[in-house]
Amino acid sequence: MEYRVNPDIIKTLEILKSNEQVQKGFDFIEADDANTLRQQKELVLVEAPTFQEEERGKVFAEMLKAEGLTEVQTDRHGNVFGYRRGKGIGPIIVVEAHMDTVFPMGSAVEIVEKDGRIYCPGICDDTRGCVAVLATIRAMNAANIETDSDFLFMGTVEEEGMGGLGGMKKFMLDHPEVGGCICIDGSGMEYITYEATGIRTMAVNFHGIGGHAMGAFGHVANPLHAAARAVAKIGDIEVPAEPRTTYAVSNFHAGNDAGIHAIVKDATIKLNFRSNGQKELEELEAKIKKAIDDACQEETERWGKDTITYDYEDYVDVKAGTQDIKAPIVQSVYQVIKEMGAEPIFGQGGSTNASNPIAMGVPAVCIGGGGQAGGVHTIDEWYDNTDAYKAVQVIYLFAFRWSQRLD
Ligand SMILES: [Zn+2]
């Protein structure tokens with residue numbers, strides 16, 4: 001199916017793109033490419049595992065200040081941002097990338113360059129996004145761009161893993177004045193994430209009395225057995241293919257070698273489930289909770305004694321959200337990518353920092369910061385800067401377009 005963009009959006013973009021001042025920004029971005037890459041290599045070595053972004057936050061705040069942003073600040077969650085004020089017409093627009101990485105401290109200690117590739121954990125995800133944010137500010141300044149909307153440029157915390165997109169979520173709850181988000185994550189310039197996959201990550205703790213494996217046998221129910229029953233039941237749950245809905249029990253922990261001859265007191269499972277539909281996500285959650293409930297009851301009935309109890313710990317709760325593929329922000333970014341010479345690709349669902357804004361009804365997309373990358377989320381992560389500036393040109397044109405009250 002061919003994706004059709006409203007002719008007015010196409011026309012407006014053509015006019016903007018051929019504007020002399022805007023062109024000046026394009027030229028600047030190309031000339032500034034080496035500088036952007038230099039910053040990328042500098043920032044990646046300031047390590048920032050999720051929940052330990054403070055050092056990188058300080059460095060990034062200085063970088064935002066150096067680009068001339070005003071009111072540069074670190075919020076109570078650790079997100080770092082500053083403003084580039086326009087005419088103050090229309091809502092504030094956020095351009096952000098996440099500062100945290102999946103690697104523990106001590107992983108990104110040196111940069112290795114080999115065969116045109118730059119190797120360092122985090123070099124792409126999302127250090128590239130962070131410096132693409134900086135390069136966009138520089139281009140706007142160099143071209144003397146005055147925007148209708150005010151811009152807020154930001155480095156966020158807690159995107160990865162157990163952070164669960166939390167930095168952006170907390171920021172959005174604090175800032176209802178935000179009216180649009182451009183999230184920059186990863187490499188490339190074609191990929192558009194415009195949907196939000198709902199995510200739930202939780203632990204379930206099963207509790208019993210425990211006791212000697214022989215002496216207590218038959219007198220107590222076994223929480224490990226209850227947890228295993230629950231896992232088996234969860235494994236049988238059917239989910240719809242559309243909207244894509246998935247689940248996995250990803251961690252099972254009970255007992256230790258010292259108590260190998262004991263019936264354990266506690267067992268824990270951790271699980272993660274997702275759906276591109278909020279209704280389907282909630283239905284799945286109900287089924288999972290019923291499976292756990294039934295498992296505990298069966299284990300108790302099996303022995304006719306004791307009662308297994310359980311509780312939940314919530315780690316990640318991201319609501320699913322759909323944004324129309326024909327929403328103006330989606331059409332606009334699609335056309336910008338096309339105008340800049342690439343073939344846009346739409347992602348199915350998505351777990352990016354655009355998720356929380358989308359679920360809250362705020363227009364948002366996530367696009368790449370340029371170049372190519374591989375081995376993302378592994379210590380062999382690499383980045384190739386070839387033509388990376390073109391993605392910055394996309395971000396710059398798209399941000400400018402989106403900030404103008406033209407419709
Ligand atoms: Zn990322």
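The values are calculated or read from the model by the stated rules, or taken from the named source; none is laboratory data. On a predicted model such as this, the values are computed, not experimentally measured, just so you know. Please note: Cβ atoms are built from the backbone with ideal geometry, for glycine as well, and neighbour counts cover all protein chains shown. Surface areas here come from the heavy atoms of the whole protein model, side chains and all, with no ligands, DNA or RNA. Shrake-Rupley method; radii C 1.70, N 1.55, O 1.52, S 1.80 Å.
Every residue in region 40-58 that is part of a helix (DSSP H, G or I) and surrounded by fewer than 19 Cβ atoms within 10 Å (Cβ to Cβ), please.
Start the filter on region 40-58 by keeping residues that are part of a helix (DSSP H, G or I), which leaves 40-44, 54-58.
Within region 40-58, K41, E42, E54, E55, K58 meet the criteria.
No other residue among T147, T136 is part of a loop (DSSP other than H, G, I, E, B), among the β-branched types (V, I, T) and either within 16 Å of the ligand (Cβ to nearest atom) or in contact with a helix residue (DSSP H, G or I) (Cβ under 7 Å, 6 or more places away or on another chain) (or both) apart from T147.
Entry remark, region 243-269: residues being outside any loop (DSSP other than H, G, I, E, B) and either out of contact with any Phe, Trp or Tyr (no Cβ under 9 Å at 6 or more places or on another chain) or open to solvent by 70 Å² or more (accessible area, probe 1.4 Å) (or both) number 10 in total. Take the conditions (1) within 14 Å of the ligand (Cβ to nearest atom); (2) within 30 Å of D314 (Cα to Cα); G179 misses just one of them, which is (1). Pairs are defined by a Cβ separation below 7 Å, a sequence spacing of at least 6 or placement on different chains, a first member in region 147-161 that is outside the structural domain of F171 (by TED's automatic domain parsing), and a second member that is within 12 Å of the ligand (Cβ to nearest atom) and part of a loop (DSSP other than H, G, I, E, B); no pair meets this definition.
Where residues in region 150-163 are away from the ligand (no atom under 13 Å from the Cβ) and open to solvent by less than 10 Å² (accessible area, probe 1.4 Å), which of them is nearest to the chain's Cα centre (by Cα)?
Of the residues in region 150-163, the ones away from the ligand (no atom under 13 Å from the Cβ) are 150-154, 162.
Those still in the list that are open to solvent by less than 10 Å² (accessible area, probe 1.4 Å) too: 151-154.
Values: F151: 20, L152: 18, F153: 16, M154: 14 Å.
Among those that are away from the ligand (no atom under 13 Å from the Cβ) and open to solvent by less than 10 Å² (accessible area, probe 1.4 Å), it is M154.
Without any contact (Cβ under 8 Å) to a residue 24 or more places away in the chain and open to solvent by 40 Å² or more (accessible area, probe 1.4 Å): does that describe Q297? Here the answer is yes, as Q297 does meet what is asked.
Regarding region 279-296, can at least one residue be identified that is in the same structural domain as R229 (by TED's automatic domain parsing) and in contact with an Asp or Glu (Cβ under 7 Å, 6 or more places away or on another chain)? No, that holds for no residue. Do the conditions hold for S275, that is, is it open to solvent by 80 Å² or more (accessible area, probe 1.4 Å) and in contact with a strand residue (DSSP E or B) (Cβ under 6 Å, 6 or more places away or on another chain)? No, not satisfied. Counting the residues of region 94-130 that are in contact (Cβ under 8 Å) with a residue 60 or more places away in the chain, assigned to a strand (DSSP E or B) and surrounded by 24 or more Cβ atoms within 10 Å (Cβ to Cβ) gives 5.
Got at least one residue in region 60-69 being of a type in the set (D, E, K, R), touching a helix residue (DSSP H, G or I) at 6+ places or on another chain (Cβ under 8 Å), under 28 Å from P363 (Cα atoms) and surrounded by 13 or more Cβ atoms within 10 Å (Cβ to Cβ)?
In the first step, residues of region 60-69 are kept if they are of a type in the set (D, E, K, R); the result is 62, 65, 67.
Now drop any that are not touching a helix residue (DSSP H, G or I) at 6+ places or on another chain (Cβ under 8 Å), which leaves 67.
From the residues that got through so far, the ones that are under 28 Å from P363 (Cα atoms) too are 67.
If we keep only those that are surrounded by 13 or more Cβ atoms within 10 Å (Cβ to Cβ) too, we end up with 67.
So far as region 60-69 goes, yes, one or more of its residues are of a type in the set (D, E, K, R), touching a helix residue (DSSP H, G or I) at 6+ places or on another chain (Cβ under 8 Å), under 28 Å from P363 (Cα atoms) and surrounded by 13 or more Cβ atoms within 10 Å (Cβ to Cβ).
When restricted to residues that are crowded, with 18+ Cβ neighbours inside 10 Å and assigned to a strand (DSSP E or B), region 208-218 contains 0. Select from region 48-62 the residues that are under 16 Å from G122 (Cβ atoms) and not acidic (D, E) and list them in ascending order. Matches in region 48-62: A48, P49, T50, F51, Q52, R56, G57, V59, F60.
Looking at M202, is it surrounded by fewer than 24 Cβ atoms within 10 Å (Cβ to Cβ), more than 26 Å from A66 (Cα to Cα) and within 16 Å of the ligand (Cβ to nearest atom)? Don't jump to the end; show me each part of the working.
Numbers: surrounded by fewer than 24 Cβ atoms within 10 Å (Cβ to Cβ): yes; more than 26 Å from A66 (Cα to Cα): yes; within 16 Å of the ligand (Cβ to nearest atom): no.
In short, no.
For region 75-83, the condition holds for at least one residue, the condition being that it is assigned to a loop (DSSP other than H, G, I, E, B) and small (G, A, S).
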